[in-house]
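Working notes for the structure below.
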Amino acid sequence: MTQSVAPLDLRRDLVALLPRLRRFALTLAPSMEAADGLVREACLKAISKGRPEGENERFLFRLVRDQSLETMRDKPEADAADLKIKAPAKGRPTVHQAIVLDMPQALASVFLLVEVEGLSHAETADILDISTGKVASYLCDARLHFADPDTHQAERRA
Amino acid sequence: MAASGGEALHVRLSALLDGQAAAEERQDLEARLQEDPHAQRVHEHLARGSSRGREVFNDLLKEPVPLDLVREIKTAPQPRKAVRLPSERRFPFPLKPTARQAGTACLLLFVLGGGLGYMLGQPSAATAHPPVADTRGDWLNDIVAHYRVFSRPTDRLAELPATDSAAIVEWLLANTGVNFRIPDLSGNGLTFQGARLFVAGGTPVGHLVYTSAEGEVIGLLFRKNHPDDDGFSELIRDSIALMSWKSPTTTYIVVGPSSAASLDEIAAKAAGLI
């Protein structure tokens with residue numbers, strides 16, 4: 001009789017990945033509350049559909065990204081050019097949350113996936129559905145953004 | 001200086017930083033960095049940005065995750081997978097009689113029908129038979145009631161503890177007539193706690209008791225087949241789920257809380273081991 005993976009595994013994996021998923025969602029959302037909403041919906045979808053064979057956390061990043069697009073589609077007032085959903089945040093963001101929230105969304109997402117998560121340009125392009133050329137360009141801009149003294153001043157003010 | 005749009009040199013040096021530049025491009029840029037002070041400054045500036053950005057994102061990981069989010073994901077219901085449980089073997093019987101077979105069958109039916117009609121036509125000398133108790137479904141009610149009662153005090157789950165496995169097998173075999181092995185379900189996160197014996201629908205039922213890490217009590221039950229057994233494979237009564245399968249002589253049931261997402265997998269595993 002064939003044995004399948006214990007079904008609790010995916011939920012346990014998801015719980016272990018929550019900090020990283022929340023961090024990625026924050027690059028796509030206007031607030032931490034909205035980011036948590038994206039993560040919640042993405043995780044519930046992952047649980048109901050199951051993990052595709054051979055997939056790792058990249059498929060979860062893609063689910064979070066898809067969820068952010070879906071949320072944006074449900075809000076017609078959102079500006080299509082700016083992928084962040086303009087909605088007021090309930091709580092005051094922490095210092096580091098504020099730095100990420102102030103960045104243009106594509107820059108923060110690309111920087112996180114390549115520089116922090118260690119994904120290749122191609123993998124990042126696949127998750128964010130953009131070209132590898134844009135990944136390289138956004139990554140450069142994100143590095144310049146973080147190197148900018150104004151970013152540090154904003155952090156100190158926060 | 002932020003978000004400049006990425007001049008060609010900036011973008012190329014940025015790609016060099018994360019090792020995405022092609023070998024030829026890398027050699028070219030490294031040579032340029034040796035000679036060009038402007039390129040060196042840009043490279044250092046980008047490296048500083050990388051370092052600072054990593055710090056920001058790494059610090060984000062230290063922030064606490066809301067408990068309600070963790071709880072919601074931990075307890076999210078999983079879709080039940082279709083698990084094929086063993087069922088009684090059915091022999092294929094193609095219904096393609098020859099003319100001779102069909103004729104014989106017709107004659108036999110005629111004789112039987114005639115005989116039956118003659119018997120029915122005779123005045124009945126027999127008095128009314130005492131009603132036979134219909135035990136169909138009763139034993140499932142008994143199992144549900146038993147599970148509900150015994151699974152509450154978790155310190156008295158079993159009559160015989162797991163350490164007496166030889167005694168358990170001997171005891172339950174003698175009382176139920178079912179030959180079995182105690183399945184090791186540790187791969188499914190279950191710990192064997194011991195065994196119980198009770199009567200359901202007038203028949204002794206062997207009961208192997210397991211617990212999960214989450215404190216769920218899962219029972220693996222068995223009894224000799226009855227001709228009036230339901231052919232159910234999955235049933236939920238109140239908040240208790242039952243999954244059954246049969247061998248030619250025995251009916252097995254896995255019982256547990258309906259919230260136990262992996263009950264079907266446990267049943268499939270137990271079916272292969274018991």
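Every read-out reported here was derived from the displayed coordinates using simple, explicitly stated rules and does not represent laboratory data. In this text the structure is predicted, and so the values were computed from the model without any measurement. Glycine also receives a Cβ, built like all others from the backbone with ideal geometry; neighbour counts cover every protein chain displayed.
Could you put B:TYR210, B:TYR252 in order, starting from the residue whose Cβ has the fewest other Cβ atoms within 10 Å?
Values: B:TYR210 26, B:TYR252 22.
Starting with the residue having the fewest Cβ neighbours, the order is B:TYR252, B:TYR210.
Distance in nm between label sites at B:SER51 and B:LEU273, each 7 Å beyond Cα in the beta-carbon direction?
A separation of 5.4 nm, rounded to one decimal place.
Using only atoms on other chains, find how many Cβ atoms lie within 10 Å of each Cβ of peptide B:61-74 and report the average.
Other-chain Cβ atoms within 10 Å of each residue's Cβ, averaged: 5.
What list do you get for A:PHE111, B:PHE150 if you sort them by fewest beta carbons within 10 Å?
Details: A:PHE111 29, B:PHE150 19.
By the 10 Å Cβ count, ascending: B:PHE150, A:PHE111.
Explain nothing, just compute: Karplus ³J(HN,Hα) = 6.51 cos²θ - 1.76 cosθ + 1.60, θ = phi - 60°, for every residue of segment B:23-37 in order, whole Hz, x for Gly and Pro.
Ordered by residue, 3J(HN,Hα) equals 4, 5, 4, 5, 4, 4, 5, 5, 5, 5, 5, 5, 10, 9, x Hz.
Per residue of A:113-126, what is the mean number of Cβ atoms on other protein chains within 10 angstrom of that residue's Cβ? Can you show the working numbers first?
On the way: counts 0, 5, 9, 8, 1, 1, 1, 3, 3, 1, 0, 0, 0, 0.
Whole-number average of other-chain Cβ neighbours for A:113-126 is 2.
Taking the square root of 5 times each eigenvalue of the Cα gyration tensor, what semi-axes in Å does the equivalent ellipsoid of segment B:8-61 have, largest first? All intermediate terms of the calculation are to be shown ahead of the outcome.
Numbers: eigenvalues 112, 33, 10 Å².
Rounded to whole Å, the semi-axes are 24, 13, 7.
Need one value for B:43-50: mean number of C-beta atoms belonging to other chains within 10 Å of its residues' C-beta atoms. Write out the running numbers ahead of the final one.
On the way: counts 0, 1, 4, 7, 2, 5, 13, 9.
Other-chain Cβ atoms within 10 Å of each residue's Cβ, averaged: 5.
Return the loop-located trypsin sites (Lys or Arg not before Pro) in segment B:180-274 (DSSP other than H, G, I, E, B) with at most 11 other Cβ atoms within 10 Å of their own Cβ; answer none if there are none.
On the way: sites: B:ARG181, B:ARG196, B:ARG223, B:LYS224, B:ARG237, B:LYS246, B:LYS269; in loops: B:ARG181.
Passing sites in segment B:180-274 are B:ARG181.
What size of dipole, in debye to the nearest 20, comes out for segment B:8-61 about its Cα centre when the only charges are +1 on Lys and Arg C-beta atoms and -1 on Asp and Glu C-beta atoms?
Working: 7 positive and 10 negative charges, 40 e Å.
Its charge dipole is roughly 200 debye.
Of B:TRP171, B:TRP139, how do they rank once you tally other Cβ atoms within 10 Å and put the fewest first?
Values: B:TRP171 16, B:TRP139 24.
Ordered from fewest to most neighbouring Cβ atoms within 10 Å, B:TRP171, B:TRP139 come out as B:TRP171, B:TRP139.
Identify, among B:LEU235, B:THR211, B:VAL199, the residue whose Cα sits farthest towards the positive end of the charge dipole of segment B:138-273, taking +1 on the Cβ of Lys and Arg and -1 on the Cβ of Asp and Glu, with the dipole about the Cα centre.
Of the options given, the answer is B:VAL199.
Work out the FRET efficiency for B:GLU214 and A:ASP129 from their Cβ-Cβ distance, taking R0 = 45 Å, and round it to the nearest 0.05. Walk me through the numbers before you get to the answer.
Details: r = 38 Å, r/R0 = 0.85.
In this case the efficiency is close to 0.70.
Each residue of segment B:56-66 in order: what ³J(HN,Hα) in whole Hz does its phi give by Karplus 6.51 cos²θ - 1.76 cosθ + 1.60, θ = phi - 60°, with x for Gly and Pro?
Values, residue by residue: 4, 5, 5, 5, 4, 5, 7, 6, x, 8, x Hz.
Which cross-chain or sequence-distant (5 or more) residues have an amide H under 5 Å from the amide H of B:SER247, H modelled 1.01 Å from N in plane?
Result for B:SER247 returns B:TYR252.
Take the alpha carbon gyration tensor of segment B:138-273, find the square roots of its eigenvalues, order them as a ≥ b ≥ c, and report rounded if a/c is under 1.5; if not, report prolate when a/b exceeds b/c, else oblate. Walk me through the intermediate numbers first.
Details: a/c = 1.30, a/b = 1.06, b/c = 1.22.
Taking the square roots of the gyration eigenvalues as a ≥ b ≥ c, segment B:138-273 is rounded.
Calculate, in nm to one decimal, what B:ARG71 and B:SER258 gain on full extension: separation in residues at 0.36 nm each, minus their alpha carbon distance. Spell out each step's value before the answer.
Details: separation 187, 0.36 × 187 = 67.32 nm, distance 1.82 nm.
Contour length minus the Cα-Cα distance gives 65.5 nm.
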